[in-house]
1. Mind checking which residues of the stretch 84-123 are of a type in the set (Gly, Ala, Ser) and more than 11 Å from the chain's Cα centre (by Cα)?
2. Restricting to the stretch 46-72, what's the tally of residues that are more than 19 Å from His110 (Cα to Cα) and either at pLDDT 85 or above or not in a loop (DSSP other than H, G, I, E, B) (or both)?
3. Return yes or no: is Ala75 modelled with pLDDT of 85 or more, more than 21 Å from Asp32 (Cβ to Cβ) and surrounded by 19 or more Cβ atoms within 10 Å (Cβ to Cβ)?
4. Kindly indicate which of Thr11, Thr36 is closer than 30 Å to His110 by Cβ, at pLDDT 90 or above and surrounded by 10 or more Cβ atoms within 10 Å (Cβ to Cβ).
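The values are calculated or read from the model by the stated rules, or taken from the named source; none is laboratory data. All values derive from a computational prediction rather than experimental measurement. A quick note on method: Cβ atoms are made from the backbone with ideal geometry, for glycine too, and the neighbour counts reach across all protein chains shown.
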Amino acid sequence: MSELISEAHTTNNRLQSLEARLSTIEQAVQEDPEVTELANEVFTILPSKAQIEEYNAPEQSLPAKLPEEQGGPIAYSGRVADVAALTDSNELQVQRALDKLQSNTARVHHDDGHDERRYYKEV
């Protein structure tokens with residue numbers, strides 16, 4: 001009888017361990033809805049690679065953002081700080097959103113030229 005009780009305790013401990021591991025996995029897999037919402041907003045204002053190149057041209061003919069009446073803001077520089085400013089978010093939140101976009105879509109890329117990482121989307 002004591003062997004049966006001991007085995008029941010062992011089985012119970014294993015089950016609790018599996019439940020804890022499953023809970024940890026579920027938490028890691030669940031997406032933060034705020035990051036998802038911000039990622040959608042960030043995607044709409046990301047520049048194309050051509051816009052980044054034009055922004056970085058010596059004459060720098062583009063403003064930091066496109067006026068609202070011309071189709072909405074675009075973070076021409078592609079810098080995290082500029083994207084954060086346009087979305088009224090902090091840079092860490094924007095970086096998380098950009099990481100999510102890069103892992104979930106093949107249309108978002110980055111360029112490490114010009115001494116700073118710049119993000120852009122394929123159009």
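1. Ala84, Ala85, Ser89, Ala106, Gly113 - these are the residues of the stretch 84-123 that are of a type in the set (Gly, Ala, Ser) and more than 11 Å from the chain's Cα centre (by Cα).
2. 3
3. Judged against the criteria, Ala75 is a match.
4. Every option except Thr36 fails the conditions.
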